[in-house]
Amino acid sequence: MKAVVWTGELEVRDDVEVRDLRPNEVRVRIHAAGLCHSDVSVVNGTIPFPTPVVMGHEGAGIVEEIGSSVRKVAVGDHVVLTTLGNCGMCDACDRGQPTHCRDTAGKLKAPFTVAGERAFQFANAGVFAEHTVVTETQAVVIDPEVPLASASLIGCAVLTGTGAVLNRAKPRPGTSALVIGIGGI
């Protein structure tokens with residue numbers, strides 16, 4: 001399949017394959033992807049990342065296959081992808097603390113191969129590809145009426161901005177805010 005791969009150079013490759021699913025994973029055909037400043041930061045060296053890596057982490061698509069233990073996502077579902085690759089099965093996930101899951105932070109995933117060589121997935125998503133593999137918890141089912149191009153921004157850009165406002169600024173109902181600037185956080 002085709003994918004955008006960073007190897008030290010940005011390349012569009014057609015020799016990328018994705019491995020078989022694990023029980024808690026889903027395969028998604030990507031229909032839309034956003035370009036985030038984080039993607040640019042890998043390419044310009046600000047964010048060091050092992051290579052080769054399939055780029056992109058803001059994406060939306062349609063589920064094409066599910067693993068044997070997947071229960072919340074079905075083939076044909078329209079989904080937006082998130083970068084939080086928690087397992088959904090451990091004590092931390094059961095407590096509603098997915099950021100404490102051992103699978104969440106610092107674990108590089110490599111569901112791809114490029115010319116037969118293992119390839120990583122940027123930000124647990126790798127959406128600059130025709131297909132990607134993510135955990136069930138990363139595939140958030142959305143209404144099929146929502147355009148996938150719009151939905152693709154929800155997994156990073158919208159969540160980052162919304163989280164910053166709600167968790168840091170904590171506005172009260174009826175108040176106003178002015179946002180100045182745009183760019184990577």
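No lab work stands behind these numbers, since they all come straight from the coordinates. All values derive from a computational prediction rather than experimental measurement. Backbone-built Cβ (ideal geometry, glycine too); neighbour counts: all protein chains shown.
One table, with the values for the structure above:
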item: Tally of Lys pairs whose C-alpha atoms are under 29 Å apart, taken over the chain, 8 or more apart or cross-chain; result: 5
item: Using a Förster distance of 30 Å, the FRET efficiency for residue 175-residue 110 (Cβ separation, nearest 0.05); result: 0.10
item: Chain lengthening between residue 22 and residue 71 when straightened (0.36 nm per residue, less Cα-Cα); result: 16.3 nm
item: Helix-derived mean residue ellipticity, 222 nm - over the chain, DSSP H n ≥ 4, -39500 (n - 2.57), to 500; result: -2500 deg cm²/dmol
item: Gap separating the Cα centres of segment 82-117 and segment 1-65, nearest whole Å; result: 15 Å
item: Within the chain, longest stretch free of exposed GluC sites (Glu not before Pro) [DSSP loop, at most 16 other beta carbons within 10 Å]; result: 10-129
item: Net charge of Cβ neighbours under 14 Å - reference residue 65; Lys, Arg +1; Asp, Glu -1; result: -2
item: Quotient of Cα Rg and 2.2 N^0.38 Å for the chain, N being how many residues it contains; result: 1.04
